[in-house]
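Here the structure is laid out as structure tokens; the discussion comes afterwards.
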Amino acid sequence: MNSNKISLATYIDIYFKEFLAYSPKLITAFLILIIGLYAIRLINRLIRRIMVKRDLDPTLTKFLADILLWALRILLFVTFISKLGIETSSFVAILGAMGLAIGLSLQGSLSNFAGGMLIILFKPFKVGHTIEAQGIIATVNEIQIFVTKLTTANNQTVFVPNGILSNGTIINYSLLKYRRADLTFSISYDSDIKMAKNIILDILSNNPKVLQVPKPEVFVKNLTDSAIDLAVRPWANNEDFGMVFTQTLEDCKEAFDKAGISIQPFVKEFSQSNSAK
């Protein structure tokens with residue numbers, strides 16, 4: 001019984017001495033951890049303020065700040081475990097193996113991550129731009145690391161993976177200040193072409209939202225079997241484009257009716273086999 005007490009007291013004494021010998025490393029490591037976390041927070045705030053003052057893109061600012069934040073945290077963690085006396089070489093090897101395994105299992109996500117970086121760096125569009133991509137016309141709401149958040153005209157939210165988005169065709173309707181509407185009116189052969197053109201030009205010149213520079217154009221686009229196609233090309237600022245498009249259609253239809261110019265309806269051609277049926 002006494003031998004057990006002696007051995008227990010001996011073990012406690014040994015462990016206590018080891019703890020006292022190890023405590024400076026332990027205290028130092030936790031001091032580094034606490035001070036490091038506080039310093040990382042200050043550095044992150046400072047970097048964000050500097051990038052905001054230099055008018056960097058908000059998405060790029062957030063992306064770079066997040067990358068810097070996690071890089072500093074990883075560096076702090078490695079410093080912390082090294083101060084505890086843990087060998088970092090084996091730990092780094094384990095992290096490398098885990099990174100390789102994760103990379104192989106998340107190839108699609110890495111593709112989206114790379115696509116997000118390309119979008120942020122080369123800026124084919126920005127937040128607030130109206131774009132057409134993957135068969136969708138919508139306004140860019142947010143550019144995230146893996147996906148881009150779009151809002152359609154009927155207020156639906158669409159998430160498009162950045163990998164597909166960066167590798168596909170993107171039409172940016174907001175990159176330039178103004179835009180041209182491409183309209184076609186099909187009038188009958190009995191109509192007066194010059195009168196029809198003058199009516200359209202008069203409508204375009206009296207619409208304050210139609211730009212006069214570049215000058216709007218009206219010309220004969222095609223002569224079909226059933227109609228004369230008139231091409232109408234008015235220019236408008238991006239914010240007025242939709243209104244100019246619809247207003248031109250409405251005003252021309254009303255003016256044609258008053259002038260007795262008939263808009264030729266679409267004539268569907270049937271093959272002989274269909275007509276026989």
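Values quoted throughout were computed directly from the atomic coordinates according to the rules given, and no laboratory measurement underlies them. On a predicted model such as this, the values are computed, not experimentally measured, just so you know. Quick reminder, even Gly has a Cβ in these numbers, built from the backbone with ideal geometry, and neighbours come from all protein chains shown.
Miscellaneous remarks
- Computed lengthening from Tyr173 to Lys25, 0.36 nm per intervening residue step minus Cα-Cα distance: 47.2 nm
- Share of alpha-carbon pairs per 5 Å distance bin for region 178-259, given as whole %: 3, 16, 29, 25, 16, 9, 3, 0
- Cut-off 14 Å (backbone N to label point 7 Å along Cα→Cβ of Arg233), residues of region 170-213: 179-184, 213
- A Cα-only calculation for region 125-172 places Rg and Dmax at 9.4, 26 Å.
- The residues Ile67, Ile263, Ile145, when put in order of fewest to most other Cβ atoms within 10 Å, stand as Ile67, Ile263, Ile145.
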